[in-house]
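Okay, so here's the structure we're looking at.
Values quoted throughout were computed directly from the atomic coordinates according to the rules given, and no laboratory measurement underlies them. Everything quoted here is computed from the prediction, not taken from an experiment. Note that we place each Cβ from the backbone using ideal geometry, even for glycine, and neighbour counts take in every protein chain shown.
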Amino acid sequence: MADVGIVGGTGQEGFALGTRWAAAGLSVVLGSRVKERGLEAARRARSLDLLGAVSGGTNRQAAEEGEVVVLAVPFHAHAQILPEIRPAVRGKVVVDTTVALRSLDPPELAVPEEGSAAQRAQALLPEAKVVAAFHTVSAYKLAQLGRELEEDTLVCGDDRHAKERAVELAKALGLRAVDAGGLDQAGTLERLAALVVALNRRYRRKAVGVRFVGL
Ligand SMILES: NC(=O)c1ccc[n+]([C@@H]2O[C@H](COP(=O)([O-])OP(=O)(O)OC[C@H]3O[C@@H](n4cnc5c(N)ncnc54)[C@H](OP(=O)(O)O)[C@@H]3O)[C@@H](O)[C@H]2O)c1
């Protein structure tokens, strides 16, 4: 068993999260739709000489082997990928990073009937405990392993224990986690992330983030 299995571990966000967690000493499985791509991503991560073990494989393997499973695939891929991992995540904590974007430029949300990508994920994975987090944390910044993040991540979900696991994972990345409430708040978190994407474009930045004061 690994600490974290990442569905979409070959992508910008999944790979950056995985290498940060491995740098903090956690064991990670990087998943892909294509096993060889997962294996290759793991080789690339291991070449960074990280503290924690990194292995790779299919998304299904990442979901089976991860104690906590992180979703880092595009929203439009949920309908295909989530049913495939459903048996593997029964009873597990699933942390969804997905922003339900239909386009990036300009950033436009594709709001599903459930209200957010995370609520759709919970509907597709009814036996899992879905938490939404990390939407506003840019892959660009995460990938700079020595860089302090100095920002917050909002975390929401309906299961207290699941939310605590996500908070621990946020801390391992060097983030402060802020409890935003139940999973019905996920739409707000995703809209905030769309705003962050728009701010990156308007101010020609790559790593706009969110920091709350007074907490
Ligand atoms: N980039 C960021 O800064 C950032 C920040 C916060 C949250 N997120 C969220 O993280 C998720 C991934 O974003 P990303 O920027 O990492 O995207 P990305 O670089 O394009 O990576 C997405 C990964 O998802 C997998 N995938 C599965 N089905 C796919 C499909 N139908 N089309 C394309 N890729 C598919 C691909 O892996 P295989 O081809 O190996 O299967 C790919 O490596 C999104 O939901 C996004 O909202 C991203």
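List of remarks:
- Rg/Rh for the range 42-148 (Cα atoms only, Rh after Kirkwood) is 0.99.
- Here the chain is treated as an ellipsoid with the same Cα gyration tensor; its semi-axes, largest first and in whole Å, are 23, 20, 17.
- Excluding same-chain neighbours fewer than eight residues apart, the lysines reachable from LYS206 by a Cα-Cα span under 20 Å are LYS141.
- Along the chain, the exposed loop sites are chymotrypsin sites (Phe, Trp or Tyr not before Pro) outside DSSP states H, G, I, E and B with at most 15 other Cβ atoms within 10 Å, and the longest stretch free of them is 1-202.
- Modelled spin labels at SER47 and ARG201, positioned 7 Å past Cα toward Cβ, are 3.3 nm from each other.
- Gain in span if fully extended, ARG160 to VAL111, counting 0.36 nm per residue against the direct Cα distance: 15.1 nm
- In summary, the lysines within cross-link reach of LYS163, defined as a Cα separation below 20 angstrom excluding same-chain residues under 8 places away, comprise LYS92, LYS129, LYS171.
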